[in-house]
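Report on the structure given below.
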Amino acid sequence: MFPFRMFDWMQLARICIYLSIVWVVFTEVRCVKGKAADYNPWSISLRWIPAYQDESWDNVRTGLLWSFSFLGATLPAGSFDASVTWKNDRLFTCDFSKLGFKKEALLSLQVIFDRLKASEEYSAKGGIDLGRLLMLTIYSSNHYYRITGMHASYNTLNELHLSDSILQLALTHSAVASENRLINMPAATNSASLAFYSASEGTGSIADSSFATQIHETMELMPNGQLRFAIYDLQGILMPSANAVISAAGKPGKCMWCHESKALTLFQEQDDVPGYLTAQEFVERVALTNEELTEIRNALSTDLVFANQSDHTQSELLYISFMEPSAYRIANEWGRTIDEATIVLADLPTHEYPEFPFLGLLYQRETVDLLAPYKTERVPESVREYSFYEPDFF
């Protein structure tokens, strides 16, 4: 009979414990690697919340194409549908890395996505309202500037486009400026130069040389064929919106709405000022700009059909119906019946949107969010005008 050796049993126990630890660590590492492989910082789950009875996915898809284009996405042919993965008929993920954004834009979007993914809405509903996403990207000026790569300094932009010979128009009657408006543009006629315009607004008269610039508003061409807008103060620093005392330009979101992806001609008769372009010369320049824009866009292979200019209305409906939602939309947001939502909203005033009466009686987003059954990220009060709250996640 062999003697019992305690040492051997203890050694075996140590080996078993060691192997168990190795297996646990290996399993956890494999799980972590699997999760890391699945994680995409540029993908976000979006909630499509119908705002009116006849709203279709085609309407929403068209609106999103225009919206993402405003942010600089090149949208190569077939890219949008490839970026979308449906979870159910009202919830989908969108991989923005497939939409033709520059790496710098994706990094900026990631900051915003991370903030939205941490919200109670995202956790409770499995995604973020796509209207809220648009408000916190395109229609939050600070975020729009970041995503589109807007020049931080007007001086930099000025040196890039206006360092050589320039042309100027003295606007003596402006639909935007409270007084005179000085339009600056490069004399060159290449594509980038033709699409760049800078408007200086301030006080005084250009004709008698008493004009004093207070702000600058700019428009330039992005590589995707879309226009990019910005507002700078007298020191050349980006502003979320124009000073309403001097200008009715509002936010970049208002510029997009007004310009409809093209250079605008004159709306009022002008008094030609000696030494500046005549009104007719400016009208001809604008026509040349828009012809060049058409040629550039026709050469692009993209999901966006620039020729269908009226399609941009679908992008407007996405933000209008979010910022001014009906009880129908709010009920869909909250997962309630219309009757239940109406009871909660009973003390809030309603209004109609004259351009889109089919949206019905509407409420204001700012007050609706206070009554929501979940907390979420606050949005600016306005798409187009000065907002008291203008988010900056950076």
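Given Cα positions, please report Rg to Rh for region 203-268, the hydrodynamic radius being the Kirkwood one.
Details: Rg = 13.3 Å, Rh = 13.2 Å.
Value, to two decimals: 1.00.
Which order do the peptides 162-174, 376-388, 129-141 take when ranked by the mean count of other beta-carbon atoms within 10 Å per residue, highest first?
On the way: 162-174: 16.8, 376-388: 19.0, 129-141: 25.0.
For the peptides 162-174, 376-388, 129-141, the packing ranking is 129-141, 376-388, 162-174.
In debye, nearest 20: dipole of region 287-394 around its Cα centre with unit charges on the Cβ of K, R (+) and D, E (-)?
Numbers: 7 positive and 20 negative charges, 63 e Å.
Charge dipole, region 287-394, about its Cα centre: 300 debye, nearest 20.
First check a/c for region 285-394, with a ≥ b ≥ c the square roots of the eigenvalues of its C-alpha gyration tensor; if it is under 1.5, answer rounded, and if not, answer prolate when a/b is larger than b/c or oblate otherwise.
Numbers: a/c = 2.55, a/b = 2.07, b/c = 1.23.
Prolate.
I'd like to compare 207-214, 175-182, 247-254: which one has the highest average count of other Cβ atoms within 10 Å, and what's the full order after that? Show your work: numbers first, answer last.
On the way: 207-214: 12.5, 175-182: 19.2, 247-254: 23.6.
Put in order of decreasing packing, that is 247-254, 175-182, 207-214.
With each label point set 7 Å from Cα along the Cα-Cβ vector, what nm distance links LYS262 and ASN190?
2.6
Hey, could you grab the Kirkwood Rh for region 154-298? Inverse mean 1/r over distinct alpha carbon pairs, Å, one decimal.
Details: mean 1/r = 0.0652 Å⁻¹.
Value: 15.3 Å, from the Cα pair sum.
Compute the distance from the alpha-carbon center of region 39-111 to that of region 144-218, in whole Å.
Here the two parts' Cα centres lie 33 Å apart.
In whole Å, largest first, what are the principal axis extents of the Cα atoms in the chain?
That gives 121, 55, 38 Å along the principal axes, largest extent first.
Among the listed pairs LYS251/LYS375; LYS102/LYS254; LYS125/LYS262; LYS103/LYS375; LYS87/LYS375, give every one whose C-alpha distance is greater than 29 Å. Working shown, then result.
On the way: LYS251/LYS375 26 Å; LYS102/LYS254 24 Å; LYS125/LYS262 38 Å; LYS103/LYS375 31 Å; LYS87/LYS375 23 Å.
Distance filter (> 29 Å) returns LYS125/LYS262; LYS103/LYS375.
Order of VAL84, VAL286 from fewest to most other C-beta atoms within 10 Å?
On the way: VAL84 15, VAL286 20.
So the ranking, lowest neighbour count to highest, is VAL84, VAL286.
Would you mind putting 194-202, 114-122, 58-66 in packing order, based on average other-beta-carbon counts within 10 Å, highest first? Walk me through the intermediate numbers first.
Numbers: 194-202: 22.9, 114-122: 16.1, 58-66: 20.1.
Averaged packing, sorted descending, gives the order 194-202, 58-66, 114-122.
Could you work out how far apart the two model spin labels at ALA346 and ASP271 are, taking each label as a point 7 Å from the Cα in the direction of the beta carbon, and quote it in nm?
6.0
Every read-out reported here was derived from the displayed coordinates using simple, explicitly stated rules and does not represent laboratory data. These numbers come from a predicted model, not from an experiment. A quick note on method: Cβ atoms are made from the backbone with ideal geometry, for glycine too, and the neighbour counts reach across all protein chains shown.
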